[in-house]
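**Student:** If you scroll down you'll find the structure; I have some questions about it.
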Amino acid sequence: MDCASCANTIKTALGRLPGIDDIRISVTNETLALKLDRGLTPEIDIERQISQLGYRPERVDRSGPATRPAAEEPARAWWSQPKGRIALTAGLLVVLAYGASLVIPQAAYLIFVAATLIAAAPISRRAIVAAMAGAPFTIEMLMTIAVLGALIIGAAEEAAIVVFLFSVGEVLEGVAASRARAGIRALANLVPQTAMLETGGALREVPAASLIVGQIVVVRPGDRVPADGTVEDGFSSVDEAPITGESVPKAKEPGEDVFAGSINQDAALRVRVEKAAGDNMIARIVTLVEEAQEAQAPTERFIDRFSRIYMPFIVALSALVAVVPPLAFGGAWDEWIYKGLTLLLIGCPCALVISVPAAIASSLSAGARHGLLIKGGVIIEKLAGIRTVALDKTGTLTEGRPEVTDVIALSGADTALLATAGAVEAHSNHPLAKAIVARAAAVPAAAMRDATAVRAVPGKGMEGRVGLSTVFIGAPRFAAEKASLDAVSETIARLENDGKTTVVVTIDGAVAGVIALRDQPRPGAAAGIAALKELGVGAVMLTGDNARTGAAIGRVLGLEARADMLPADKADVIKAMAAEGPVAMVGDGINDAPALASAQVGIAMGSGTDVALEAADAALLKNDVGGVAKLIGLARATMANIRQNIAIALGLKALFLVTTIMGATGLWMAVIADTGGTVLVTLNALRLLGHFRDRNGDGAPTVTPS
């Protein structure tokens, strides 16, 4: 299937069969799904009807890997396809006819007629079958009427050229459609076909699709990871650019997650399979994009409905142009029938019908290849109109884990204080304790010491012995029970005003120092907020943290902060903001799901929970806040492309309609107007595949407010 009219013909034909409901056709994916009562219509009847319409149906086994439909076989060369053979046949016959006109002029007319009939026969057959199936107003039927009419009035040469140009146009549509599908096919093909499975201490090569959860695979340097999993053994750098769009390879060590399709670079890794082939990250991306392409945008639905009224109108108008002037005003029959046939060809809505889905498909593919997932054309239209973006703090704007920012010792070296605190906190699983231990381990001068008699003081902190000293680590209000905080009270106030969490270290009943921690902003978060402002989009942060912490992060990132919010509060704020204008919500956790669902567009961070990803309308696989601006920029570019396509389609028709009535253009130009318009809008839509090329180093689009 190359355009939406193909899908409409199939849908109309199958809709007349009993027991069939909920027909869903994706031109981009070349797939058909429907609900069937097998007692009323057997499946073989569906396949027979599709075959009669000129298509080759194949059953898709959805129980296997989700990547199969897109990766099953490469597209055939255009000249080996039926439409390509028709175009070549028509071209050769036209050349033969012109050659005969130089040798036997009298035979040229008959060869043109033969060329027309031979090349038009497959087109006419499809038109007749579609009409019998309940779809009389197809592109093929308009072409058949125009060609037969041209033969009747003696315009055999033009009829042959019309068939040839129409066939060439169909070939070009097919090539363009195949190019649009290539992006998703390339994604699916990232998963390797085989994997090195470890069994009984030996390695054997097995199909990657056969891997099951819990098995161990070995990924050698230079190999692609065959399944989503967790590193069991080994240290290496892994290039995740094919999945997330992140250009810098990530260091992987035991316990780290890896994605199918990513490329191992430095050393061998032993990976435990965590997800089956049909559920890996690439399979999920392909499925999301496929489902998104099947969801029509509002503009596309309007044009689809419009074309159903438009086609019969054009046929009726062409008939009136052909018969009214001769009957009512004594015009020449040949002249006005010719004009009517020309108008019939000009009226073909191919370019108009394909203008929106071609742009949407290209946009979705371009986004997917850069770690931006959008769930359909309707979301693209909504994204283009977003004026405010609300963002969750923890895990979205920030890393989602505390880090040590300040170590202040009242006496002695800061590293000594850090080593002492790390020795005690090594016995705790609290996030703040883990952050202190990690910082101590990362500072060579802070050599870790051993702590004994360590115990947790419930709800207050940790206590233990380091050497001969008793050490307590806890929040200031609890540390005050152990020692006077007068010497550090101003320091604590200053740090907490900066949105940091402070813990006090006391040694033998005296304050030894203060350690401050904060959930740090993600790299690029401030730049991402600035990019939104450049687009004319406002930004606000929603957080469950206290007002002081929220305000501090807001100052660093340059956006308004609203704090002390429960999940229900976030949803209420989003609803209130949505009443004032289109708003998008960006989040990563289960607690963000209500707000994501309440916004016009919910955007999930790729590192977020499955609940957040399910509730969202789009996802940022790169976990980069800057991706929000890229999403909106891509959506605006897509809508601009759609407006251009509609202008091209309608402009060409209006131009040639006027010139045809005036007698300045004929059948040839009519086909060029239709075929050329279709090719133009398709090529224009394909420009979106390169939307992120020739941008700045991180792939961010250069966009302007609209």
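The values are calculated or read from the model by the stated rules, or taken from the named source; none is laboratory data. Everything numeric here is computed off the predicted structure, so don't read it as measured data. Because the Cβ atoms are built from the backbone with ideal geometry, glycine has one as well, and the counts that use them run over all protein chains shown. Just the protein is used for accessible areas: all its heavy atoms, side chains included, with ligands, DNA and RNA removed. Shrake-Rupley method; radii C 1.70, N 1.55, O 1.52, S 1.80 Å.
**Student:** Show me the ranking of peptides 633-639, 463-469 by mean Cβ neighbours inside 10 Å, starting with the highest.
**Tutor:** Details: 633-639: 24.0, 463-469: 15.4.
Ranking, from highest mean packing down: 633-639, 463-469.
**Student:** Also, I was wondering about something else. Classify region 68-167 as rounded, prolate or oblate from the Cα gyration tensor: take a ≥ b ≥ c as the square roots of its eigenvalues, call it rounded if a/c is under 1.5, otherwise prolate when a/b beats b/c and oblate if not. Don't skip to the answer; put the middle values down first.
**Tutor:** On the way: a/c = 3.71, a/b = 1.44, b/c = 2.58.
It is oblate, given that a/c is not under 1.5 and a/b is not larger than b/c.
**Student:** Could I ask something else about it? By the gyration tensor of its Cα atoms, with a ≥ b ≥ c the square roots of the eigenvalues, what is the shape of region 423-577: rounded for a/c under 1.5, prolate for a/b over b/c, or oblate?
**Tutor:** prolate
**Student:** May I pose another question? Which value, in debye to the nearest 20, describes the size of the charge dipole of region 468-540 about its Cα centre when Lys and Arg Cβ atoms bear +1, Asp and Glu Cβ atoms bear -1, and nothing else is charged?
**Tutor:** Value, rounded to 20: 220 debye.
**Student:** Further question: Between rounded, prolate and oblate, where does region 450-507 land on the alpha carbon gyration tensor, with a ≥ b ≥ c its root eigenvalues, rounded for a/c under 1.5, else prolate if a/b exceeds b/c? Let's see the in-between values first.
**Tutor:** On the way: a/c = 2.30, a/b = 1.91, b/c = 1.20.
Prolate shape, in that a/c is at least 1.5 and a/b is the bigger ratio.
**Student:** Quick one: pull the percent of accessible area on region 454-610 belonging to carbon and sulfur, 1.4 Å probe, ligands and nucleic acids left out.
**Tutor:** Details: 3420 of 6530 Å².
Carbon and sulfur together cover 52 percent of it.
**Student:** Pull up the cross-link candidates among the lysines for LYS482, meaning alpha carbon to alpha carbon under 26 Å and not fewer than 8 places away within one chain.
**Tutor:** Within the straight-line limit of under 26 Å, LYS482 reaches these lysines: LYS434, LYS460, LYS500.
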